[in-house]
Each structure stands twice: as structure tokens, then as C-alpha cells.
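Below you'll find the structure, written out as C-alpha cells, and then a few comments.
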Amino acid sequence: MYFRYLFGIIVGAITISAIILFGEKGVIALALLALRPMIMRWKKMKADERELSLFHKTNSITLGLVLLLIVVTFLIYGDKIREYFTSYWVTLFAGAIVGIQGIVGFVLLKIK
């Protein structure tokens with residue numbers, strides 16, 4: 001279970017860095033997420049019921065945090081967001097979703 005969330009944090013950080021450096025073309029880094037199921041199958045990692053329920057809870061909390069992040073960003077920056085992230089702000093938040101999911105998952109694992 002730790003692997004899933006650590007992998008998400010790493011891919012999220014790589015994706016955000018790639019988008020900041022290369023613009024919209026940096027979203028290609030999200031393709032690294034396709035490696036996770038292959039690695040999990042190769043290592044024969046299977047989730048039990050507790051892990052699946054934790055995964056669904058993590059997704060719900062992540063969705064709430066990302067929506068809050070988007071609303072706060074637009075309230076603070078407003079029209080300035082168009083100047084800085086004209087065409088790739090959505091892809092930037094896609095990378096943030098992956099990273100935030102990994103962080104939330106680690107926090108929930110430490111709590112339980």
C-alpha cells in the first residue's frame with residue numbers, strides 16, 4: 001500500500017516539475033502512472049478489502065482538497081491566472097491531484 005502512495009507522490013512531483021519546465025508538453029509525465037499496475041502485477045501485490053476502502057476514502061478526500069485548491073487559487077489570483085498559466089493550468093492541477101492523493105494516502109495510513 002505504501003508503494004501506491006509513494007509512487008503517486010513521485011509521479012505528481014515529476015509531472016508538476018515537467019509542466020512548469022516544458023508547459024503543456026510536460027503532461028506526458030503522467031504516462032508514468034501506467035507503470036504502477038504493471039509493477040504491482042509483477043511484484044504480485046494485491047489489495048485486500050481494508051486497502052480498497054482506504055483507497056476510496058483517499059480518493060474522496062483528494063477530490064475535496066483539489067476542488068478547494070482550485071477555488072482558492074481562482075479567488076486569490078483571479079484574472080492573473082490567465083497571464084501565468086494561460087493554457088496549461090488544468091494540466092498543472094492534474095499533476096497536483098496525483099501528488100495530493102499520495103500525500104493523503106500516507107497520512108491516512110499513518111493514522112490507522
Next on the checklist: Given the criteria exposed (fewer than 13 other Cβ atoms within 10 Å of the Cβ) and under 17 Å from Ile103 (Cβ atoms), does Ser60 qualify?
Outcome noted: yes
Checklist entry - Is it true that Tyr77 is among the hydroxyl-bearing types (Ser, Thr, Tyr) and in contact with a Ser or Thr (Cβ under 9 Å, 6 or more places away or on another chain)? => result no
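Residue-by-condition table, conditions (1) over 16 Å from Val11 (Cβ atoms); (2) within 18 Å of the chain's Cα centre (by Cα):
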site: Gly26; (1), (2): no, yes
site: Ala29; (1), (2): no, yes
site: Leu32; (1), (2): no, yes
site: Pro37; (1), (2): no, yes
site: Glu49; (1), (2): yes, no
site: His56; (1), (2): yes, yes
site: Asn59; (1), (2): no, yes
site: Thr62; (1), (2): no, yes
site: Leu67; (1), (2): yes, yes
Next on the checklist: Residues that are at negative phi, modelled with pLDDT of 80 or more and among the basic types (Lys, Arg): does the range 80-91 have at least one?
Outcome noted: no
Next on the checklist: If a residue must be without any contact (Cβ under 8 Å) to a residue 60 or more places away in the chain, within 25 Å of Leu54 (Cα to Cα) and either hydrophobic (A, V, I, L, M, F, W, C) or in contact with a Lys or Arg (Cβ under 6 Å, 6 or more places away or on another chain) (or both), how many such residues does the range 15-40 contain?
Outcome noted: 7
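The values are calculated or read from the model by the stated rules, or taken from the named source; none is laboratory data. A quick note: this is a predicted structure, and the numbers were derived from the prediction, not measured. Methodologically, a virtual Cβ is constructed for each residue, glycine included, from the backbone with ideal geometry; neighbour enumeration extends over all protein chains shown.
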